[in-house]
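Some notes on the structure that comes next.
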Amino acid sequence: MRLPIYQVDAFTDRLFAGNPAAIVPLEQWLPAPTMQAIAAENNLAETAFFVRERDGYALRWFTPTVEVDLCGHATLASAYVIFRFLEPRCDRINFRTLKAGTLSVTRQGDALVMDFPAWPPERCPVPPELAAALGGRPQHMLRFQQRYLAVFDDRAAVAALAPDFNELRRQGYGDLIVTAPGSDGVDFVSRFFAPAHGIDEDPVTGSAHCVLTPYWAKRLGKTQLEARQISTRGGALSCTLAGGRVVIAGCCVLYLDGAITV
């Protein structure tokens with residue numbers, strides 16, 4: 001069986017930056033172990049699969065090791081593929097997901113705009129062993145369910161972190177966001193580590209901004225925020241807190257289109 005595949009750099013306007021995602025459109029679902037094997041073979045942070053369903057699409061995301069309940073950059077990249085190749089006259093896409101509900105993506109000039117849930121975090125203790133594993137002690141810690149947010153003083157402190165991923169994996173961190181105030185028109189910066197999910201550092205993480213946006217909106221007293229994820233590849237996101245939702249905008253660049261044989 002030959003299947004189309006696209007590789008898209010998300011949350012960037014230039015090639016070889018942002019977060020690469022593999023996108024595999026399907027006519028019908030493959031068995032979950034097959035999709036997991038394709039994601040492992042691709043060896044990217046996420047591979048997304050979607051199937052046409054009534055007036056929208058059903059969407060699922062896989063890391064190289066697990067299926068996840070929400071992925072921002074692969075949702076953005078999936079919408080890019082549909083807008084560019086499958087439905088060029090469409091201006092809005094609804095994705096139905098297993099655990100994150102319905103996610104919509106619209107066009108806004110060169111950018112694509114996603115409507116995601118807001119996940120406001122609450123303060124929690126800083127685990128004493130975390131600072132050694134991260135390579136720096138955060139000012140304070142928050143969490144939303146199993147997503148942890150470690151807040152640092154400034155951009156330099158976040159950029160300097162050199163985590164011990166084996167230790168973070170041993171401690172069970174699947175979603176660990178580190179953040180600090182930004183500068184020069186950027187409201188906040190972040191990095192994202194998910195070693196327990198098979199991803200040491202994710203280049204740009206849309207779903208992390210479901211947690212980051214309500215935190216920084218409350219702290220800065222504003223609902224429209226410019227964000228920068230300061231991984232090696234780097235990426236830019238425009239985020240708006242709209243009640244219980246987070247609107248996340250970013251650009252995409254096509255790297256590859258082809259076919260795989262399964």
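The values are calculated or read from the model by the stated rules, or taken from the named source; none is laboratory data. Everything numeric here is computed off the predicted structure, so don't read it as measured data. Because the Cβ atoms are built from the backbone with ideal geometry, glycine has one as well, and the counts that use them run over all protein chains shown.
What the table below lists for this structure:
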read-out	value
Any hit, the range 188-197, residues being more than 20 Å from Gly235 (Cβ to Cβ), free of Cβ contacts under 8 Å to residues at least 24 places away in the same chain and out of contact with any Cys (no Cβ under 9 Å at 6 or more places or on another chain)	no
Entirely in the range 106-187, the helices (runs of 4 or more DSSP H) that have 3 or more residues that are outside the structural domain of Ala77 (by TED's automatic domain parsing), of a type outside the set (Phe, Trp, Tyr) and more than 27 Å from Gly221 (Cβ to Cβ)	130-134, 165-171
Among the candidates Pro181, Pro203, Pro163, residue that is in contact with a helix residue (DSSP H, G or I) (Cβ under 9 Å, 6 or more places away or on another chain), on the phi < 0 side of the Ramachandran plot, without any contact (Cβ under 8 Å) to a residue 40 or more places away in the chain and surrounded by 18 or more Cβ atoms within 10 Å (Cβ to Cβ)	Pro163
The range 126-160, residues that are on the phi > 0 side of the Ramachandran plot and under 22 Å from the mean Cα position of the chain (by Cα)	Gln145
Any hit, the range 32-42, residues being polar (S, T, N, Q), touching a residue at least 60 places away in the same chain (Cβ under 8 Å) and under 25 Å from Trp119 (Cβ atoms)	no
